[in-house]
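A quick write-up on the structure given underneath.
The values are calculated or read from the model by the stated rules, or taken from the named source; none is laboratory data. Everything quoted here is computed from the prediction, not taken from an experiment. Neighbour counts are summed over all protein chains in view; Cβ atoms, including those assigned to glycine, are modelled from backbone coordinates with ideal geometry.
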Amino acid sequence: MAEISNEMIMALRAETGVGIMDCKRALLESNGDVEAAKKLLREQGKELFSRASEAVEGRVASYIHHSGKVGVLVEVDCQTDFAAESAPFKEFVKDLAMHIAAAKPRYIGLEDVPEEVLRQEREIYRHQAEAEGKPPQVIEKIVEGRLKKFYAEACLLHQPYVKDPQKTIEDLLGELAAKVGEKVVIRRFARFEVGRNE
């Protein structure tokens, strides 16, 4: 049995848009053969999205908290209006708007975090570790660990889903792509809270 690394799973997920657990199962069943895993996913009805196809359809959803003090607009795109009109897609967009209201993400993914913000966060974590008297050889590991926690709090794709913290928004996005058989992209969002500049 070939050893299946996280890198292999994430590479297959990035290539196919299929959920992480499905990618892992397919790689295990195909003994680590990526092409066989892709074939297996297709046979299971988890249609792979084409990198060439642009996500030009989709939906915009809104959510206003019952207090009237928090509101969200979010755009999620896919490739066809057929997918955009499907029940799983509509439900995902609606749930995503509610999640954004509750979880207060600042960015969509890691690549959206400005370099300046990352630099500042690293500096703060380094100073904290030094103040705690941590030895120099472990400070970098501590900084990277705290940075992961920062991503899980600040980046929408890396946040645990408020209704099911065992899954991240990225996991749900992959599952939705598998259900609708298309590439699905969270394009943008805006979160408003009375008295705060987001």
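Condition (residue is touching a Lys or Arg at 6+ places or on another chain (Cβ under 6 Å) and outside the structural domain of Gly71 (by TED's automatic domain parsing)) applied to the range 101-122: is it met by at least one residue?
For the range 101-122, residues touching a Lys or Arg at 6+ places or on another chain (Cβ under 6 Å) and outside the structural domain of Gly71 (by TED's automatic domain parsing): absent.
Could you give me the residue pairs with C-beta distances under 8 Å whose first residue belongs to the range 21-43 and is outside the structural domain of Gly181 (by TED's automatic domain parsing) and on the phi > 0 side of the Ramachandran plot, whose second residue is exposed (fewer than 15 other Cβ atoms within 10 Å of the Cβ) and outside any helix (DSSP H, G or I) wherever it lies, and which are 6+ apart or on separate chains?
Asn31/Met1; Asn31/Ala2; Gly32/Ala2; Gly32/Glu3
Quick one: would you say Glu175 is of a type in the set (D, E, K, R) and assigned to a strand (DSSP E or B)?
no
Identify, please: which residue in the range 42-64 is among the small types (Gly, Ala, Ser) and surrounded by 14 or more Cβ atoms within 10 Å (Cβ to Cβ) and is, among those, modelled with the highest pLDDT?
Ranking the qualifying residues of the range 42-64, first place goes to Ala61.
Let me spell it out: the conditions are (1) in a helix (DSSP H, G or I); (2) of a type in the set (D, E, K, R); (3) in contact with a helix residue (DSSP H, G or I) (Cβ under 9 Å, 6 or more places away or on another chain), and Lys167 meets all of them except one. Which number is the exception?
(1)
In the set Ala102, Ala190, which member is part of a helix (DSSP H, G or I) and within 17 Å of the chain's Cα centre (by Cα)?
After applying the criteria, what remains is Ala102.
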